[in-house]
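Data block below; observations after.
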Amino acid sequence: MKVKRFFAPDMRQAMKLVRDEFGADAAILSNNKVAGGVEIVTAVDYDASILREPSERIDPENSDALTDSLAGALAKAKDVIENASGGQSPDRLENAFQAKAKERQFDQAEALVDTLEPKTRRQSPEDAAMRAMQSEIQGLRELLREQMKDSIAERKPVEAMMYKRLRRMGLSEHFSARIVEAADLSDDAEFSSAWDEAVEQIRAGILTTGSDVVDQGGIVALMGPTGVGKTTTIGKLAARYVLKYGPDSLALVTTDCYRVAAYEQLRTFGRILGVPVRVVDEKNTLDATLKSLKSKALVLIDTAGLSVKDPNMQEQFSLLETASVRIRKYLVFSATSQQQVLQATYDTYRNHGLNGCVVTKLDEASSGGEVISLIADNRLPLAYLSSGQKIPDDLRVGDSGALLSKALELLERAETNEAPDR
């Protein structure tokens, strides 16, 4: 048996290298993502009869039939993909009939690959031949996906370009697909007009609270993981209120008894602004603290910044939920966080009565689509935008236009940096 490694920028090109050198008889032993692309390990001149040897963990009565079925289906999937990708000049436009035929071929290949995977999962992990076949199936799936992308780009270039730009902007797959679908592009649509329509769709998807939280008064708690800027935002809100209404009807409260620095920072804000600061701990419950401040028009609560996996997180939730007075809760996000981190944070807090969100560190972000996707996908109203350390200047009431403009500015900057030098 001969084994060889192939490196390529993507799975499609890697599979082409394998086919060009070994033909359709090569078996893929593994495929992995590496720096700069993918790595495929293939084998040729192997003993094909091992594919029909029953594994010790497979029912002897069904093992031969299962192996034959897998081998046959795999070969058929290869043929379908080859037929779907070949036979036409890439420079020639497809007519409607050809496009439909290609879609049916891709659907057929996708269905074949889907039927293969569940069966391979039942095989013994020690069976090298079955593992090789499963790896080859995954390679076929990646190749199929790449070919489907190319097919869509050929038939609907404006749609493909718009989707690609939305993703580059940082929008999630789900939200990007929704925007493209809502655009309802015609075959002769121009990209500039289609993009303008997409921007309006994005703007419509960003919900806002519509008013300044500090003007409403009451009890407001800022929640979120450590490092997102909750305490600094509390300081900005407090300064904003004092400038409008004076310090007498404002109080600050912290439930963060885990970090000394958190209380010290809040106490510094209180000393500068001339407002009282209270700490909730073992001796001072939240209910008792809030009752002592019932004469205040606005109470701002700075909650503990904890990791989503911290065991004390549930204690913080219980503290706010068992209070005898109504507390409006706002989740604080950092615009510098990745999409997965933002979604994981929201998933942790979503069932605890959120009234909206605050987006911080917008001045440090490299893209704005991630927070836009989170707000739009989860219909979470935007209360404030924070874009610096100046108190209270670098804070503005939630504005969909401002957030979208910043995201577009960051997109244009990224595209300019990616453009080749002339």
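Overview of results
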{"read-out": "Count of residues meeting criterion [at pLDDT 75 or above, buried (at least 16 other Cβ atoms within 10 Å of the Cβ) and not aromatic (Phe, Trp, Tyr)] in the stretch 20-42", "value": "6"}
{"read-out": "Every pair of residues 6+ apart whose Cβ atoms lie under 7 Å, when the first sits in the stretch 183-198 and is within 8 Å of Val158 (Cα to Cα) while the second is at pLDDT 80 or above and open to solvent by 70 Å² or more (accessible area, probe 1.4 Å)", "value": "Phe191/Met161"}
{"read-out": "Residue within the stretch 258-270 that is at pLDDT 90 or above, open to solvent by less than 10 Å² (accessible area, probe 1.4 Å) and among the aliphatic types (A, V, I, L, M) present", "value": "no"}
{"read-out": "Residues that are more than 21 Å from Thr268 (Cα to Cα), hydroxyl-bearing (Ser, Thr, Tyr) and over 23 Å from the mean Cα position of the chain (by Cα), drawn from the stretch 191-235", "value": "Ser192, Ser193, Thr209, Ser211"}
{"read-out": "Residues of the stretch 313-327 classified as over 22 Å from Lys294 (Cα atoms) and open to solvent by 50 Å² or more (accessible area, probe 1.4 Å), total", "value": "2"}
{"read-out": "Test: residue in the stretch 308-318 that is of a type in the set (A, V, I, L, M) and farther than 22 Å from Ile391 by Cβ", "value": "yes"}
{"read-out": "Within the stretch 351-420, strands (runs of 3 or more DSSP E) holding 3 or more residues that are over 17 Å from the mean Cα position of the chain (by Cα) and of a type outside the set (Lys, Arg)", "value": "354-360, 382-386"}
{"read-out": "Subset of the stretch 328-350 that is open to solvent by less than 60 Å² (accessible area, probe 1.4 Å) and assigned to a loop (DSSP other than H, G, I, E, B) - its residue that is nearest to Arg413 (Cα to Cα)", "value": "Ala335"}
{"read-out": "Boolean, Leu395 is crowded, with 16+ Cβ neighbours inside 10 Å, in contact with a Gly (Cβ under 6 Å, 6 or more places away or on another chain) and closer than 21 Å to Gly218 by Cα", "value": "no"}
{"read-out": "Test: residue in the stretch 289-305 that is open to solvent by less than 50 Å² (accessible area, probe 1.4 Å), under 24 Å from Val397 (Cα atoms) and among the charged types (D, E, K, R)", "value": "yes"}
{"read-out": "The stretch 277-288, residues that are open to solvent by less than 60 Å² (accessible area, probe 1.4 Å) and farther than 18 Å from Leu222 by Cα", "value": "Ala288"}
{"read-out": "Pairs where the first residue, in the stretch 222-246, is within 12 Å of Gly305 (Cα to Cα) and the second is open to solvent by 30 Å² or more (accessible area, probe 1.4 Å), C-beta under 7 Å, 6+ apart", "value": "Pro225/Ser307; Pro225/Val308; Thr226/Ser307; Gly229/Lys361; Thr231/Gln265"}
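The values are calculated or read from the model by the stated rules, or taken from the named source; none is laboratory data. Keep in mind that what you see is a predicted model, and the values were worked out from it rather than measured. A quick note on method: Cβ atoms are made from the backbone with ideal geometry, for glycine too, and the neighbour counts reach across all protein chains shown. The area values use the complete protein model at the heavy-atom level, side chains included, leaving out ligands, DNA and RNA. Shrake-Rupley method; radii C 1.70, N 1.55, O 1.52, S 1.80 Å.
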